[in-house]
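Some notes on the structure that comes next.
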Amino acid sequence: MEGQISDTGKWRVIFDSAHSAAANMAIDEAIVECHSAGMVPPTLRFYTWRPAALSIGYFQKIKAEVNIAACRSQGIDIVRRISGGRAVLHDQELTYSVVVREDLPVLPPTLLGSYRYLSQGLLAGLNKIGIAAEMTLPGAAYGQSKPLPKNGACFDAPSFYEITVNHKKLIGSAQLRKNGTLLQHGSILLAFSAEQVASLLNFASAEEREWCQAVLQAKATSLNSELGYIPDISELARTLATEFGHTLELEMVPANLTEQEIKRAAVLEQEKFAADSWTYRR
């Protein structure tokens, strides 16, 4: 593994198992820290969530935007990400995360440029399984006819270079830059329930909730909706990793988390992501 760290053409790919919300976010941050320190190579990780969870962006005000009681009654965990963006329900999905230093020669230095670069790799994988996906124009270009009520949901409209099918968002992503390292993680929807997502957010009225649900239904899609079935998650992850490497001209090397990453993630999980002081800080 040491020889791979200095070779920017070789990336590590981790096909991880299901973890709790706090553990998943702790692992992502542990990879960022270890990669920043030069201990591990650029990394692409695929993972799932058990139990289902609602992740909220770093800057979101949880009590104002999230229906905490509804999450608890439905057995859905809540976790605050270190990245920005809005709330995402992690249930029937495959999540990816990319960790790479900002000074990688092939990585564009700008936020939008890096989104575009990484999206190319994900897009190729979706095309391989028969999804006619594309990178988006900004959501405003789609001509939304009525202002969307303020809500905390991520999938109500795509941003620059997120991945859509027929103008419906399929992958929602968020990005963070810390200590010279980029973390981008996002949700690849296997199936999607606009009703459930709307039920987990706060609104000023029932009418606003119904309108948000309708917009989510119109603006988001899933692999099940596009293919008529839910692909095998392991096969999907491997196809995405393979095409990511081919498209970006990278050698993807299957690997596991290091002992240092596992130990650091355990600390971050307990002291940060599972702590109310972090989750409810805003």
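The values are calculated or read from the model by the stated rules, or taken from the named source; none is laboratory data. These numbers come from a predicted model, not from an experiment. Backbone-built Cβ (ideal geometry, glycine too); neighbour counts: all protein chains shown. Side chains included, ligands, DNA and RNA excluded: accessible areas come from the protein's heavy atoms. Shrake-Rupley method; radii C 1.70, N 1.55, O 1.52, S 1.80 Å.
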For this session: Calculate one ³J(HN,Hα) per residue across segment 18-35 by plugging θ = phi - 60° into the Karplus curve 6.51 cos²θ - 1.76 cosθ + 1.60, and present them in order as whole Hz with x for glycine and proline.
Result: 6, 9, 5, 4, 4, 5, 4, 5, 5, 5, 4, 5, 5, 5, 4, 5, 6, 5
Seminar exercise, completed: Interchain or sequence-distant (5+) residues whose placed amide H lies within less than 5 Å of the amide H of residue 178 are 183
Exercise. Among rounded, prolate and oblate, which fits segment 168-282 when a ≥ b ≥ c are the square roots of the eigenvalues of its C-alpha gyration tensor, a/c under 1.5 means rounded, and a/b larger than b/c means prolate?
Worked result: oblate
Exercise. Applying 1/(1 + (r/R0)^6) with R0 = 30 Å to the Cβ-Cβ distance of residue 58 and residue 230, what FRET efficiency is obtained, to the nearest 0.05?
Worked result: 0.50
Exercise. Taking the simple approach of a point 7 Å from Cα along Cα-to-Cβ for both residue 18 and residue 249, what is their distance in nm?
Worked result: 4.0 nm
For this session: Tell me which residues come under 5 Å, amide H to amide H, from residue 13 once H is placed; ignore anything under 5 positions away on its chain.
Result: 44, 253, 255
Seminar exercise, completed: Simple SL model, points at 7 angstrom along Cα→Cβ for residue 256 and residue 193; separation in nm is 3.5 nm
Problem set entry | Amide H partners (placed H, <5 Å) of residue 50, local residues excluded | 19, 20, 21
For this session: Could you provide, to the nearest whole Å², the per residue accessible area of the chain with probe 1.4 Å?
Result: 43 Å²
Exercise. Across segment 96-113, in residue order, what do the Karplus-derived ³J(HN,Hα) couplings come to in whole Hz, using 6.51 cos²θ - 1.76 cosθ + 1.60 with θ = phi - 60° and x for Gly and Pro?
Worked result: 10, 9, 10, 10, 7, 5, 5, 8, 4, x, 8, 8, x, x, 8, 4, 5, x
Seminar exercise, completed: SASA check, residue 229, accessible area w/ 1.4 Å probe, all protein chains in place, rounded to nearest 10 Å², comes out at 120 Å²
For this session: Any chance you could check the Cα centroid distance between segment 26-74 and segment 105-134 for me, in angstrom?
Result: 21 Å
For this session: Pairs of Cα atoms under 8 Å, at least six residues apart: use those to get the relative contact order of the chain, whole percent.
Result: 26 percent
Problem set entry | Note, ³J(HN,Hα) from phi for segment 190-200, Karplus 6.51, -1.76, 1.60, rounded to Hz, x at Gly and Pro | 7, 8, 8, 10, 4, 4, 5, 4, 4, 5, 9
Problem set entry | Relative contact order of segment 48-142, pairs being alpha-carbon contacts under 8 Å that are 6 or more residues apart, as % | 26 percent
Exercise. Given 178/263; 63/263; 10/128; 61/272; 168/263; 128/263, which pairs have Cα atoms separated by over 28 Å?
Worked result: 63/263; 168/263; 128/263
For this session: For residue 207 paired with residue 72, estimate the spin-label separation in nm (one decimal), with each label point 7 Å from Cα along the Cα-to-Cβ line.
Result: 3.1 nm
Problem set entry | Relative contact order of segment 1-98, defined on C-alpha pairs under 8 angstrom at six or more residues apart (%) | 33 percent
Problem set entry | Accessible area, probe 1.4 Å, largest first, for residues 277, 119, 205 | 277, 205, 119
